[in-house]
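Colleague: Please see the structure below; I have some questions.
The values are calculated or read from the model by the stated rules, or taken from the named source; none is laboratory data. As the structure is a computational prediction, the values presented were derived from the model and not from experiment. Cβ placement follows ideal geometry from the backbone for every residue including glycine, while neighbour counts extend to all protein chains displayed. Heavy atoms of the whole protein, side chains included, go into the accessibility calculation; ligands, DNA and RNA do not. Shrake-Rupley method; radii C 1.70, N 1.55, O 1.52, S 1.80 Å.
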Amino acid sequence: MQTAAISFDKFNALANQEAGERIRAARARLGKRAVILGHHYQCAEVFKHADLTGDSLKLSRLAAQSDAEYIVFCGVHFMAEVADILSRPDQIAVLPDLAAGCSMADMANLAKVERAWRELATVLDPDQQITPVSYINSAADLKAFCGAHGGIICTSSNAPQILDWSFKQRPKVLFFPDQHLGRWSGYQMGIPLGQMVVWNPDLEMGGLTAKQIREAKIILWHGFCSVHQMFQPTQISRFRAQYPEGRVIAHPECSFEVCEAADEVGSTERIIATVKASPSGTRWLVGTELNLVERLAGEVKPEGKIAQFMGDVICMCPTMQRIDPQHLAWTLENLAEGNIVNRIAVPAREAAPAKIALERMFSVS
Ligand code: 13P
Ligand code: SF4
């Protein structure tokens, strides 16, 4: 039975410990009706309540497999949208704080991508010559654009495979919103840097000439992650000078120069698996968000391994941090009372083509 939603005001002032107790109590009331998915960048006080954890690819698969009535996503908005798109119509995806967006995802929007497509059409026939590829860090309507234009979605763990598929469809790729993931993945496939151009959505024709567009293999959207752009190659050279035996691992949202200087590049899940699988005594410099690195450092310390953060300053993802134990407690108590709060529901007209693009991704990777 639906009652009036409990206001968040009563939760705002809760200490983390009390919020944690209320999360546990509400979980017990909900039982199997709710599943909590947690991305690796969540803070410790939230992450410990997650039933299932992972990177974007793993979490989207888990959301699609879940049987729970409520999928409570401790992550960011686009992740909850993917959970809604891939789950059954009777399942409900919930984001504990609606302000948990992704600043990189916001760097591309449908109006700008459609304008780019129109402008590209003055030089070539995009529907015949360009496969649109959207990083999963994007709004549902951009995934729908890809679905409707023969395109596909990628994540940080499958981007080269997805590009390979894309080039089998059409000779060029428009990759949005993360230029760094696109550039690194293209480079991994052997595409010369000179054949990858950057499309600036604030300039006419993306700031490119018709010749540049005709000669490019990949047109990279001018988007980036403000967290990962904090990492610099000098941090790696300093580490190598101090610890010549040390190993370096970075997320592909880092700049090309950082990825090139690293020993390994991979998604959050791959970073964790690689550090955990390394021999005792290994020291790692890790280029991704601080919550992940601190948790990983604690987990591998007993095995005699060191995982140290690449940044000189604290760099956490501010929007991932919007999900705190207070919002999680508020969400779960409301659900336990029968009040659905912060539901993420993608309209069917977007969900259907977005699902096509996501399913293409699952069939390829
Ligand atoms: P992963 O898919 O590697 O977890 O990356 C998601 C993300 O937003 C990294 O900034
Ligand atoms: Fe978005 Fe960057 Fe945060 Fe990942 S770390 S969710 S890309 S802002």
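Colleague: If you wrap a convex hull around the C-alpha atoms of the chain and split its volume per residue, what is the figure in Å³?
Modeller: Here the figure is 143 Å³ per residue.
Colleague: Which residue, ARG214, ARG170, ARG322, tops the fluctuation ranking in a GNM of the chain built on C-alpha contacts under 10 Å?
Modeller: ARG214
Colleague: I'd like the distance separating the alpha-carbon centroids of the range 168-189 and the range 210-271, in whole Å.
Modeller: Computed from Cα coordinates, the inter-centre distance equals 15 Å.
Colleague: Filter LYS58/LYS276; LYS32/LYS355; LYS58/LYS355; LYS58/LYS143; LYS143/LYS168; LYS112/LYS355 down to the pairs with a C-alpha to C-alpha distance above 23 Å, please.
Modeller: Those over the limit are LYS32/LYS355.
Colleague: Could you sort 229-239, 73-83 so that the peptide with the highest average Cβ count within 10 Å comes first and the rest follow in order?
Modeller: 73-83, 229-239
Colleague: What nm value, rounded to one decimal, do you get for the distance between ALA273 and LYS32 when each label is placed 7 Å out toward the C-beta?
Modeller: Result: 2.8 nm between the two label points.
Colleague: Express in whole angstrom the spacing between the alpha-carbon centres of the range 73-111 and the range 23-42.
Modeller: Result: 17 Å between the Cα centres.
Colleague: Across 10 Å bins from the origin, how do the percents of Cα pairs in the range 32-146 run, short distances first?
Modeller: Calculated over all Cα pairs of the range 32-146, the distribution is 14, 40, 26, 14, 5, 0 percent.
Colleague: For GLY54, list long-range residues whose amide hydrogen, built 1.01 Å from N in the peptide plane, is under 5 Å from its own amide hydrogen.
Modeller: GLY38, HIS40
Colleague: What nm distance separates the two modelled labels at THR234 and GLU359, each placed 7 Å from Cα along Cα→Cβ?
Modeller: In this crude spin-label approximation the distance works out to 5.1 nm.
Colleague: Another question, then. For the chain, set up a Gaussian network in which alpha carbons nearer than 10 Å are linked by springs, and say which option among THR209, THR282, THR274 fluctuates the most.
Modeller: Largest GNM mean-square fluctuation: THR209.
Colleague: Could I ask something else about it? Put a dot 7 Å past each Cα toward the Cβ at GLN128 and ALA111; how far apart are the dots in nm?
Modeller: Each label point is offset 7 Å from its Cα along the Cβ direction, giving 3.2 nm.
Colleague: Still on this structure: Bin by bin, in steps of 5 Å, what percent of the Cα pairs in the range 1-53 do you find, going until the bin that has the longest distance?
Modeller: Going from the shortest bin to the longest, the percentages are 4, 17, 22, 25, 22, 9, 2.
Colleague: Dipole of the chain, Cα-centred, from +1 at each Lys and Arg C-beta and -1 at each Asp and Glu C-beta, to the nearest 20 debye?
Modeller: The dipole magnitude comes to about 560 debye.
Colleague: Still on this structure: Calculate I(q)/I(0) for the range 145-233 by the Debye formula, one identical point scatterer on each C-alpha and no solvent, and give its log10 at q = 0.10, 0.20, 0.25 Å⁻¹ to two decimals.
Modeller: -0.25, -1.01, -1.44
Colleague: Let me ask another. Multiplying the sequence separation of MET205 and ARG343 by 0.36 nm and subtracting their Cα-Cα distance, what value in nm do you get?
Modeller: In short, 45.9 nm is gained.
Colleague: Next question. Please compute the length gained on full extension between SER7 and ARG118, using 0.36 nm multiplied by the number of residues separating them and subtracting their Cα-Cα distance.
Modeller: Full-extension gain reported as 35.4 nm.
Colleague: To the nearest 10 Å², what's TRP184's accessible area with a 1.4 Å probe?
Modeller: About 30 Å², ignoring ligands and nucleic acids.
Colleague: To continue, here is another question. Might you work out the accessible area of VAL35 for me, using a 1.4 Å probe with all protein chains in place, and round it to the nearest 10 Å²?
Modeller: Surface accessible to solvent at VAL35 totals approximately 20 Å².
Colleague: For a bin width of 10 Å, list the pair-distance distribution of the range 278-365 built from all Cα-Cα distances, rounded to whole %.
Modeller: Bin by bin from 0 Å, the calculated values are 13, 22, 24, 30, 11, 0.
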